[in-house]
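Notes to accompany the following structure.
No lab work stands behind these numbers, since they all come straight from the coordinates. Computed from a predicted model, the values in this text were never measured in an experiment. All Cβ positions, even for glycine, are placed from backbone atoms using ideal geometry, and neighbour counts span all protein chains on display.
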Amino acid sequence: SALRVAVLGVGVMGSYHAEALAGRISHARVTVVSDADTARAERVAKSVDARVEADPFAAIAADDVDAVVIASPGPAHEAQVLACLDRRIPVLCEKPLTTDIATAYRIVQREAELDAPLVQLGFMRRFDAEYAGLRALVASGELGAPLLLHCVHRNPAQTDTFDSEMMMRDSVVHEADVARFLLGEEIVAVSVKRPQATSLAPTGVSDPMLVLMETASGRLVDVEIFVRTGVAYEVRTELVAEHGSAMIGLDQGLLVRRAGGAWGGQLAGGFVERFAAAYDTELHRWVQAARHGTIDGPGTWDGYAAVAVCEAGVEAVRSGERVPVRLGTRPVRVAA
Ligand code: ISE
């Protein structure tokens, strides 16, 4: 039977997931939609043939809900994830897991008390063909030992409320996860440089920033985060290893047009266009696993580790210092 899903938060990501679940992903349907913006909830619910539940906790508790997609704002995640864990139902939680290290660790600990992992994190890049290919290349050993990772993460625009802290917690969180995914180890320290800001940045917001992460074995990961380029959605990652290097996200679509005295391809406008296939793969795998009461992708430890890196990053923005990442011990699943 089809997995009956509640979608909490139907902004850009939540509504995209809701439409995918209703139309493109097999063995799933959306039964309940919840959003602080009632008109938006009604609109999405109607388009996916679901009902609206104003209170997200009522949605989590509903009889016609087997699993939950959490795409609400980060500060709402902790209570919603914990309520799902109390009910022992599977969750796909958009990043960040929570907006601080203590609450993220609480979720890790609570989930560790259960028989199986129930919370999958929405780190969609892991499901992107290019990132998966890069990881397979690293694993093949062809390039030898990885040494450095150079990352570019650019957005065409963000709202004025998207400050330096959000750039870290909502955007750089992806590179924190990608670095852990590709290098297979934890990040232990973060430093941040704040160069001349774009005139498009609100006062006090450092946009762009250069973030330097150090891994446990001494590798370095640099990230240019720039969220008001006015250009397009650009995400590039280059891995440099002992016997070669490899890059993903060159923005070279297969179609190169020659016309009007120019040649070139098309840039993605936003993350939904760039990662559309990855989101669908992620959702498909989550649904199939959730039907068996488990997950198939990054879990709470990955969510927590990324939050810990971002928290160090936020502190590094403020202090200008190199900030160690404070990671608690990884719990051993008690009931496994
Ligand atoms: C957004 O929430 C995302 O997750 C995007 O991938 C990222 O590029 C963007 O900066 C965030 O706001």
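In a shell of Cβ-Cβ distance under 14 Å around residue 66, excluding residue 66 itself, what net charge do Lys and Arg (+1) and Asp and Glu (-1) give?
+3
Pairs of Cα atoms under 8 Å, at least six residues apart: use those to get the relative contact order of the chain, whole percent.
The value is 21 percent.
For region 29-44, what does the Karplus curve 6.51 cos²θ - 1.76 cosθ + 1.60, with θ = phi - 60°, yield as ³J(HN,Hα) per residue in whole Hz, taken in order and with x for Gly and Pro?
These are the phi-based 3J(HN,Hα) values: 8, 8, 9, 9, 10, 9, 7, 4, 8, 4, 4, 5, 4, 4, 4, 5 Hz.
Taking the chain as the region of interest, what is the percent of Cα-Cα pairs per 10 angstrom bin, listed from the shortest bin to the one with the maximum distance?
Cα pair-distance distribution for the chain, in percent: 6, 25, 33, 26, 9, 1, 0.
Between rounded, prolate and oblate, where does region 188-272 land on the alpha carbon gyration tensor, with a ≥ b ≥ c its root eigenvalues, rounded for a/c under 1.5, else prolate if a/b exceeds b/c?
Judged from the Cα gyration tensor, region 188-272 comes out oblate (a/c at least 1.5, b/c at or above a/b).
So how do 286, 301, 263 line up by other beta-carbon neighbours within 10 Å, fewest first?
263, 301, 286
Could you check which residue among 17, 153, 27 shows the biggest mean-square fluctuation in a GNM of the chain with a 10 Å Cα cutoff?
Looking only at 17, 153, 27, the biggest GNM fluctuation is shown by 27.
For region 263-280, just list the computed ³J(HN,Hα) in residue order, Karplus coefficients 6.51, -1.76 and 1.60, θ = phi - 60°, integers in Hz, with x standing in for Gly and Pro.
My calculation for region 263-280 gives 9, x, x, 10, 8, 6, x, x, 5, 5, 5, 5, 10, 3, 5, 5, 4, 5 Hz in order.
Cα centroids of region 58-78 and region 169-207: how far apart, whole angstrom?
28 Å
I need the shape label for region 43-85. Rule: rounded when a/c is under 1.5, else prolate if a/b > b/c, else oblate, with a, b, c from the alpha carbon gyration tensor.
It is oblate, given that a/c is not under 1.5 and a/b is not larger than b/c.
Suppose only helical runs count, i.e. DSSP H with n ≥ 4. What mean residue ellipticity at 222 nm does that imply for the chain under -39500 (n - 2.57) per run, divided by all residues and rounded to the nearest 500 deg cm²/dmol?
-11000 deg cm²/dmol
For a test of the definition: using alpha carbon positions, the gyration tensor, and the 1.5 limit on a/c, classify region 151-307 as rounded, prolate or oblate.
rounded
Only counting other Cβ atoms within 10 Å, I'd like 200, 183, 143 sorted with the fewest neighbours first.
Least crowded to most crowded, the residues run 200, 143, 183.
In whole Å, how far is the Cα centre of region 1-33 from that of region 226-304?
What the calculation gives is 21 Å, centre to centre.
Tell me, what HN-Hα J-couplings in whole Hz come from the Karplus equation 6.51 cos²θ - 1.76 cosθ + 1.60 at θ = phi - 60° for each residue of region 181-191, using x for Gly and Pro?
Once θ is set to phi - 60°, the couplings for region 181-191 become 5, 7, 9, x, 8, 7, 9, 10, 7, 9, 10 Hz.
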